[in-house]
1. What residues qualify as long-range amide H neighbours of residue 196, i.e. H under 5 Å apart, gap of 5 or more or another chain, H built at 1.01 Å from N?
2. Take 19, 327, 300 and order them by how many other Cβ atoms sit within 10 Å, fewest up front.
3. At what distance in angstrom do the alpha carbon centres of the range 298-334 and the range 17-66 lie from each other?
4. Rounded, prolate or oblate, given the Cα gyration tensor of the range 43-195, with a/c below 1.5 counting as rounded?
5. Taking 0.36 nm per residue of separation and subtracting the Cα-Cα distance, what length does fully extending residue 1 through residue 50 add?
6. Among 121, 238, 45, whose Cα lies farthest out toward the positive end of the dipole of the chain, if unit charges sit on the beta carbon of Lys, Arg (+1) and Asp, Glu (-1)?
7. What value, in deg cm²/dmol to 500, does the helix sum -39500 (n - 2.57) over DSSP H runs of n ≥ 4 give at 222 nm once divided by the residues of the chain?
8. For the cross-link pairs 4/70; 4/215; 50/98; 70/98; 28/50; 54/197, which exceed 24 Å when the distance is taken from alpha carbon to alpha carbon?
Amino acid sequence: MRKKLGKQTYLLPSAPAVVGRAAVVGQKEGEGPLRACFDEISEDSRFGEKTWEKAESRMLRRCFELACQKASLSPAALDFVLSGDLLNQCVSSSFAMKDSALPYLGLYGACSTMAESLALAAMLLDGGFGSAACALTGSHFCSAERQFRFPLEYGGQRCPTSQWTATGAGAVLLQSGGVGARVTHVTLGAIVDAGIKDLNAMGAAMAPAAYQTLKAHFADTGRGPDDYDAIFTGDLGALGHDLLQRLFRDDGVELDCRYMDCGVLLYDLATQDVHAGGSGCGCSASVLAGHILRGMENGVWDRVLFAATGALMSPLTAQQGSAIPGVCHAVALENGRARAC
């Protein structure tokens, strides 16, 4: 059976199922509109550790443990862990999993990492290389600020288009033949460089990549926006959310109210002083594991397209004046009662 559809999309005939999930966030995220969706909210931004980086690792490890506990699945039963974060060499993820004795794949896709890890985990299981896997992703505001911007002590001012890196983590357990929302299609995104150099306008840099990947998904599968109950990007924020709608509108396509962005959903933009919304790979990870999959379990949505976006830059490339390339990977999630193709 041919699994590749068109140029960028892959059909997963076995459709691995989500059998467990967990979302752990920080205090600010817990004060937002999705508070009830998270498994654990830490009032201590250091998570009991002495450094921000160790705090991020502790948060990821706790999220992984909670997902396994909720699924009544021993970590030893997992064939793979695919994990990523924003820090250099993905140290938060590797230090979180270093004592697990599990086959580990460290990933970097910037804010697209949750979709990347989920897509690759599902493809490994569909290919018969294992029966259970974990997709794990997180970010921490304070560690990301130190690496990409300025230490917190600097007290830098933010412009209206800037976004707030989320302190959060999401873990999704997939199992072949399991019961739960199923990963049926994966669209792997191509890198898109729109020439945006402004580090305070990440949504503008990533929106063209989201547009390219969603267009490819619709073309490859023969589906359209109307075939989904909800479409989630992450994390374009308010600016990128509006730009993506405008790009599709220019094609005569209306995404309408079914389209939402994780960076807009995570915080109350009117009261939480996050300017254009949330960012960081922990934003879409915690919204997916805490809000989206919860909604699917409760019958709010039966067919969802999750398309996480990432800005593929580093402090060095920014200092050298390079533009900010973007990438977006999309994963189709469907309940057993989802509509047929």
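Just so you know, all these numbers are worked out from the coordinates, no wet-lab data involved. Small disclaimer: the values here were computed from a predicted structure and weren't measured. Because the Cβ atoms are built from the backbone with ideal geometry, glycine has one as well, and the counts that use them run over all protein chains shown.
1. Hits under the 5 Å cutoff: 324.
2. Values: 19 21, 327 25, 300 13.
Listed from fewest to most nearby Cβ atoms, that is 300, 19, 327.
3. Taking the Cα centre of each part, the range 298-334 and the range 17-66 sit 21 Å apart.
4. Details: a/c = 2.34, a/b = 1.46, b/c = 1.60.
Oblate, because a/c is 1.5 or more while a/b does not exceed b/c.
5. Here the answer is 12.4 nm.
6. Of the options given, the answer is 121.
7. On the way: 11 runs with 108 residues, N = 341.
Helices in the chain give a 222 nm mean residue ellipticity of -9000 deg cm²/dmol.
8. Details: 4/70 34 Å; 4/215 16 Å; 50/98 19 Å; 70/98 22 Å; 28/50 20 Å; 54/197 31 Å.
Listed pairs above 24 Å: 4/70; 54/197.
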